[in-house]
Amino acid sequence: MREEETQPECISSGSIFSSQVQIILISTIHPATTRGTYNYHHLKSEINCLQDRINLQLLQFQDKNTRLCVTIKKLQSDIIKAQHYLKQAAMEKKNLQNKMEMFQLCLERQNGTIYNQGMGGSGFWVPFSGIQAAPSAMFTQTPPEARK
């Protein structure tokens, strides 16, 4: 009955370990404790030391978790910014394509040329696409003797 009255004070509902876990730890760390070779103060200091180590590790893990959460939030913010930039770039690209198409249509209308869709469907403006004559026939002149 004397041993039951002198239970360590560190076994409380607020500690990390339950009383059962502490008893298992004490009996596995120092098997001689069950035979009474170690006194109460030594066991209490060992339990406190273990609790301190675990609490320190817990704080380290919480600190690391906090830093990782901050990093994740920053990366998520960077992703959102990159997505916004990509949307703006896509809209700007589409806007420039539309302006280019309008410019080509205006030039075709002004010059009376044909908008070439047959060359692979590229949609580029080809100024001489409507000419049917071969280039050699366009630039050859008949000699003056042959004209007579």
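Please work out if Thr33 is at pLDDT 60 or above, hydroxyl-bearing (Ser, Thr, Tyr) and either in contact with a helix residue (DSSP H, G or I) (Cβ under 6 Å, 6 or more places away or on another chain) or part of a helix (DSSP H, G or I) (or both).
On the way: at pLDDT 60 or above: no; hydroxyl-bearing (Ser, Thr, Tyr): yes; either in contact with a helix residue (DSSP H, G or I) (Cβ under 6 Å, 6 or more places away or on another chain) or part of a helix (DSSP H, G or I) (or both): yes.
It is false that Thr33 is at pLDDT 60 or above, hydroxyl-bearing (Ser, Thr, Tyr) and either in contact with a helix residue (DSSP H, G or I) (Cβ under 6 Å, 6 or more places away or on another chain) or part of a helix (DSSP H, G or I) (or both).
Yes or no, residue by residue, for (1) at pLDDT 95 or above; (2) charged (D, E, K, R); (3) in a helix (DSSP H, G or I):
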site: Glu9; (1), (2), (3): no, yes, no
site: Gly14; (1), (2), (3): no, no, no
site: His41; (1), (2), (3): no, no, yes
site: Leu58; (1), (2), (3): yes, no, yes
site: Thr66; (1), (2), (3): yes, no, yes
site: Lys73; (1), (2), (3): yes, yes, yes
site: Gln97; (1), (2), (3): yes, no, yes
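Listed residues Gln88, Gln51, Gln83, Gln57; which is surrounded by 10 or more Cβ atoms within 10 Å (Cβ to Cβ) and either touching a residue at least 24 places away in the same chain (Cβ under 8 Å) or in contact with a strand residue (DSSP E or B) (Cβ under 8 Å, 6 or more places away or on another chain) (or both)? Give the derivation first.
Values: Gln88 fails: either touching a residue at least 24 places away in the same chain (Cβ under 8 Å) or in contact with a strand residue (DSSP E or B) (Cβ under 8 Å, 6 or more places away or on another chain) (or both); Gln83 fails: either touching a residue at least 24 places away in the same chain (Cβ under 8 Å) or in contact with a strand residue (DSSP E or B) (Cβ under 8 Å, 6 or more places away or on another chain) (or both); Gln57 fails: either touching a residue at least 24 places away in the same chain (Cβ under 8 Å) or in contact with a strand residue (DSSP E or B) (Cβ under 8 Å, 6 or more places away or on another chain) (or both).
None of the others qualify; the one that does is Gln51.
The values are calculated or read from the model by the stated rules, or taken from the named source; none is laboratory data. For clarity, every value in this text was computed on a predicted model and none was experimentally measured. So basically every Cβ, Gly included, is an ideal-geometry build from the backbone, and we count neighbours across all protein chains shown.
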